[in-house]
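S.K.: Let me give you the structure first, and then I'll get to my questions.
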Amino acid sequence: MMENSTDDYRIQSFDLDTQLLLKTALKDPSSVNLEKVSNVIMDQSLKDQVFSKEAGRICYTIVQAEAKQNNGNVFRRNLLNRLQQEFKDREETRERSLQEWVCYVTFICNIFDYLKVDCLVLQLHRIGEQLEKVNSQRMDELFFLLRDGFLLQEGLTSMARLLLLEILEFRAGGWLLSSTAHKYYYSEIAD
């Protein structure tokens, strides 16, 4: 997939050591200091609005790579801690620099844009069946929206489409995935 090429990410504005750190984090997250990586991404996002739009995709890729590599979440935990800290200081940030505040909000929107499908699918895997038992009509409405999102939404990444299709099939199969379907979806993700 083109999405996995480190050349795609706009990291040329960093010095060479930092570029190497980010490129390594994108491919082999367990080999670098992920707290430092999250701070580098956050600091640059607060200064550079163009980068803050790109940073969501970089973070998503690192989160995926770390989960695949060792089922870890060190990067995500550090990133969320830093985002929470910046949010606590939001009043000071807005007073100090409106531009920095806009960059922060842009960055958060991009993070959630990349991670919201992931989070939704994960939660539906965990509690979808119970939610359906509680209110099947609401679950039908949700799945109509997911189906329409899969079919009609412009600009979805191939990964988001794959996850939406998988959760549609998961529910259609009675909250189970056949071994053939499991092999199809999860060999695609591994590639």
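The values are calculated or read from the model by the stated rules, or taken from the named source; none is laboratory data. Quick caveat: nothing in here was measured; it's all calculated off a predicted structure. Note that we place each Cβ from the backbone using ideal geometry, even for glycine, and neighbour counts take in every protein chain shown. In case anyone asks, the SASA skips ligands and DNA or RNA and just uses the protein heavy atoms, side chains included. Shrake-Rupley method; radii C 1.70, N 1.55, O 1.52, S 1.80 Å.
S.K.: Quick one: count up the residues across region 142-173 that are of a type outside the set (A, V, I, L, M), in a helix (DSSP H, G or I) and within 19 Å of residue 123 (Cβ to Cβ).
M.R.: 10
S.K.: Here is a list: 102, 117. Which entry is assigned to a helix (DSSP H, G or I) and at pLDDT below 90? Full working, then the answer.
M.R.: On the way: 102 fails: at pLDDT below 90.
Going through 102, 117 in turn, the sole match is 117.
S.K.: Considering each residue of region 64-92, count those that are open to solvent by 70 Å² or more (accessible area, probe 1.4 Å), more than 21 Å from residue 102 (Cα to Cα), without any contact (Cβ under 8 Å) to a residue 24 or more places away in the chain and not polar (S, T, N, Q), and give that number.
M.R.: Residues flagged as open to solvent by 70 Å² or more (accessible area, probe 1.4 Å), more than 21 Å from residue 102 (Cα to Cα), without any contact (Cβ under 8 Å) to a residue 24 or more places away in the chain and not polar (S, T, N, Q) within region 64-92 amount to 2.
S.K.: Mind listing just one residue for me: the one in region 93-110 that is in contact with a helix residue (DSSP H, G or I) (Cβ under 7 Å, 6 or more places away or on another chain) and farther than 22 Å from residue 57 by Cβ and, of those, least open to solvent (accessible area, probe 1.4 Å)? First the steps, then the outcome.
M.R.: Just the residues of region 93-110 that are in contact with a helix residue (DSSP H, G or I) (Cβ under 7 Å, 6 or more places away or on another chain), to begin with: 93-94, 100-104, 106-108, 110.
Right, trim to farther than 22 Å from residue 57 by Cβ and you get 93-94.
On the way: 93: 7, 94: 85 Å².
Applying the filter and picking the extreme gives 93.
S.K.: Let me ask something else. If you take the residues of region 1-20 that are in a helix (DSSP H, G or I) and open to solvent by 80 Å² or more (accessible area, probe 1.4 Å), which of them is modelled with the lowest pLDDT? Even if it seems obvious, please write down each step before you answer.
M.R.: Taking region 1-20 as the starting set, the residues that turn out to be in a helix (DSSP H, G or I) are 2-4, 6-8, 16-20.
Subsequent filtering for residues that are open to solvent by 80 Å² or more (accessible area, probe 1.4 Å) retains 2, 4, 7, 16-17, 20.
On the way: 2: 39, 4: 44, 7: 53, 16: 93, 17: 94, 20: 94.
Here the answer is 2.
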